[in-house]
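For reference, the structure discussed in these notes is given below.
The values are calculated or read from the model by the stated rules, or taken from the named source; none is laboratory data. Note that the structure is a prediction, hence the values are computed from the model and not measured. A quick note on method: Cβ atoms are made from the backbone with ideal geometry, for glycine too, and the neighbour counts reach across all protein chains shown.
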Amino acid sequence: MSVASAQDLLAGLDGIARIQGARLLVDDETRIRGEAMDRLVDDAVFNADEAVRDAARWLIWSASQALGCGSASIHELYMARGRGEFAATKFTVPAINVRAAAYLTARQAFSAAMERDAGAMIFEIAKSEMAYTDQRPAEYAAVILAAALRSGWVGPVFLQGDHFQFNATKWAADPGAEMSGLKQLTSEAVAAGFCNIDIDSSTLVDLSQPTPAAEQLVNVANTVELTALIRAIEPDDVTISIGGEIGEVGKSNSTEGELRAYLDGYFGMLHGTGMPGISKVSIQTGTSHGGVVLPDGSVAMVTVDFGTLRRLSAVACDEYGLAGAVQHGASTLPEEAFHHFPTNGTAEIHLATGFQNILYDDDGLPDALRAQMMAWCLANCADERKPDETDEQFLYKTRKKAIGPFKRALWTLPPDAQEQVGANLHTKFGLLFDHLGIAGTRSLVDQFVSIPDQPRPLPAALGGGEPRAVVAGASVFEDDGSGE
């Protein structure tokens, strides 16, 4: 039940926490990490009063700062990896796109990581996902941090903007407007507390050009321009981890020549600026976002080119000092594939659709709710249907778009459904974390990453100054078909 005012939020924290200046002082850690957090995150997402939502988000952010689970950048860990400082430790960082039942899902990930003493784990959301899941950056940050608090997590929380992607059609029509939109999105994410941003201008690579350097030129220039923006707006004492991308997922596999052309061009443009550059680079190795759906609704087997991953990760790490290569579109791969990523030097792997599939296809989701969501897709996404698609193919492709319209229903599943869905997710996270080798990485994260002190101005509803303006408009978050 949403509260009526910000003062009601404070009343619910009586004896648990109190405001002093621009800080939240926690008097009872156990209680604020309990049902009090459940109430706060509900208001942070669903309260109809924007001022109350902002106040709840401030309280969550401030509690995470007070209790040692604040937002941080993974940049220094990745740079240490690039220097070979823990070369004998083989692991691949999972970057988890949380689309549906976000609080429940993130809690399962934190829990599975804590069971393994794992610290190297990222929570991310793509530009396109922000639209169809109805999760703007400020909300997403609040939910993930609330899940960390509720789970008992202590240590850095890595929030990442995934696929901050240029739309090729819009770029061709008006490059200035498209760049402005990406800058607007980036600024909003940083203001929301994201300390990790993946820039994707690979959609603008022009394969008609005569050389790899010419092919990558616009990609390089755009990545440099957004790097400069990020360095200008990142918080004090924070070096935001930035990722670049050289090959659009679902297209041709990347080559060493393309990688060197991109990195030589990028670092050449940065030379003399004093700005830190990217810490990793995404490549294409044969996967596709969401997988390839067969007529019966199943997902086709995909062969990942691990040789490409191994060679390009080595180039990125050994020649340019980066953490290595990043794999996108991998969550629908068979389980036995995942242990190959650490052994082939993959720095990071992006996982999304597989968790969505667990929600829709495994036990737990009530049949009536699933039917409502599929009916919504049939009624609202018909213009996306190809003439030769079966119902199963069409619904698999479009069902992600029902997540936003049914967000409240997915957050408030019956207790038995929540328990089953949570158990399914917990098992999947555990298996992935084991295959990716992140057990025991807590000590490495603690060695190289510190949580920056980032107090936020007290919102007006809690007695502070004027409320801050919204940075970005909804048009920035149109679904352009990207995502994991």
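Restricting the search to helices (runs of 4 or more DSSP H) fully inside region 338-392 and requiring at least 2 residues that are closer than 30 Å to Lys90 by Cβ and under 25 Å from the mean Cα position of the chain (by Cα) gives 340-343, 353-361. Checked against the criteria, Glu225 counts as under 22 Å from the mean Cα position of the chain (by Cα) and of a type outside the set (A, V, I, L, M). Which residue, of Val304, Val281, is more than 30 Å from Trp411 (Cβ to Cβ), modelled with pLDDT of 95 or more and either not in a strand (DSSP E or B) or not polar (S, T, N, Q) (or both)? It is Val281. Selection of region 224-264 for residues being closer than 23 Å to Ser187 by Cα and part of a helix (DSSP H, G or I) yields Val224, Glu225, Leu226, Thr227, Ala228, Leu229, Ile230, Arg231, Ala232, Ile233. A single entry from Ala112, Ala106, Ala173 fulfils the requirement of being buried (at least 24 other Cβ atoms within 10 Å of the Cβ) and among the aliphatic types (A, V, I, L, M): Ala106. Those residues that are among the acidic types (Asp, Glu) and crowded, with 20+ Cβ neighbours inside 10 Å, I need them from region 43-73; list them, please. Matches in region 43-73: Asp43, Asp54.
What about Asp446, is it modelled with pLDDT of 95 or more and either under 20 Å from Glu124 (Cα atoms) or surrounded by fewer than 18 Cβ atoms within 10 Å (Cβ to Cβ) (or both)? Considered against the rule, which asks whether it is modelled with pLDDT of 95 or more and either under 20 Å from Glu124 (Cα atoms) or surrounded by fewer than 18 Cβ atoms within 10 Å (Cβ to Cβ) (or both), Asp446 comes out as yes. If you filter region 136-191 down to residues that are touching a residue at least 12 places away in the same chain (Cβ under 8 Å) and of a type in the set (Asp, Glu), you find that the one that is nearest to Val93 (Cα to Cα) is Asp162. Here region 105-159 is the region considered, the condition is being assigned to a helix (DSSP H, G or I) and among the basic types (Lys, Arg), and the residue that is nearest to the chain's Cα centre (by Cα) is Lys127.
All of (1) more than 20 Å from the chain's Cα centre (by Cα); (2) among the aromatic types (Phe, Trp, Tyr); (3) under 30 Å from Asp54 (Cβ atoms) hold for Trp171 with one exception: (3). Taking Leu270 as the residue in question, decide whether it is farther than 16 Å from Ile197 by Cα, of a type in the set (A, V, I, L, M, F, W, C), modelled with pLDDT of 75 or more and surrounded by 16 or more Cβ atoms within 10 Å (Cβ to Cβ). In short, yes.
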